[in-house]
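The values are calculated or read from the model by the stated rules, or taken from the named source; none is laboratory data. Model, not experiment: these values are computed from the prediction. All Cβ positions, glycine included, derive from the backbone under ideal geometry; neighbour counts span all protein chains shown.
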Amino acid sequence: MWVKFEQIPDEGDVVRLPPSWSDRITEPLTIKFGGRDPVPAEVEYKDDLSDENNSFENPAVIPISISLCQKLLLQTALTYRVKIVDSSIRV
């Protein structure tokens with residue numbers, strides 16, 4: 001799946017995901033970016049988010065807290081490919 005991260009004001013280490021991901025993710029969730037250590041994150045599912053018909057040119061938008069974005073060193077201007085593996089999102 002292709003995604004673009006959108007920073008949201010700090011509410012702790014939070015990531016907001018589409019409800020369609022809830023059956024593939026068990027908590028506690030971690031997010032792993034590249035070779036860095038996984039970072040634990042709190043999940044909020046939002047009905048207004050969708051992952052349908054996404055592509056590199058049309059990525060799904062995933063809101064993520066500023067603090068979590070900084071811990072992972074994610075750049076919001078880039079498009080990333082993500083995989084869900086067990087209770088982890090791999091970027």
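Some values worked out for this structure:
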{"read-out": "Candidate set from segment 68-91 (those that are of a type in the set (S, T, Y) and either under 11 Å from the mean Cα position of the chain (by Cα) or surrounded by 17 or more Cβ atoms within 10 Å (Cβ to Cβ) (or both)); member that is farthest from T30 (Cα to Cα)", "value": "Y80"}
{"read-out": "Matching residues in segment 19-44 - criterion: being modelled with pLDDT under 85 and under 11 Å from the mean Cα position of the chain (by Cα)", "value": "W21"}
{"read-out": "Test: residue in segment 1-15 that is of a type outside the set (G, A, S), assigned to a helix (DSSP H, G or I), under 19 Å from K83 (Cβ atoms) and out of contact with any Asp or Glu (no Cβ under 6 Å at 6 or more places or on another chain)", "value": "no"}
{"read-out": "Residues satisfying the stated conditions in segment 15-39, i.e. without any contact (Cβ under 8 Å) to a residue 40 or more places away in the chain, over 20 Å from N54 (Cβ atoms) and either aliphatic (A, V, I, L, M) or surrounded by 13 or more Cβ atoms within 10 Å (Cβ to Cβ) (or both)", "value": "V39"}
{"read-out": "Residues (among the polar types (S, T, N, Q), under 13 Å from R16 (Cα atoms) and in a loop (DSSP other than H, G, I, E, B)) located in segment 29-84", "value": "S50"}
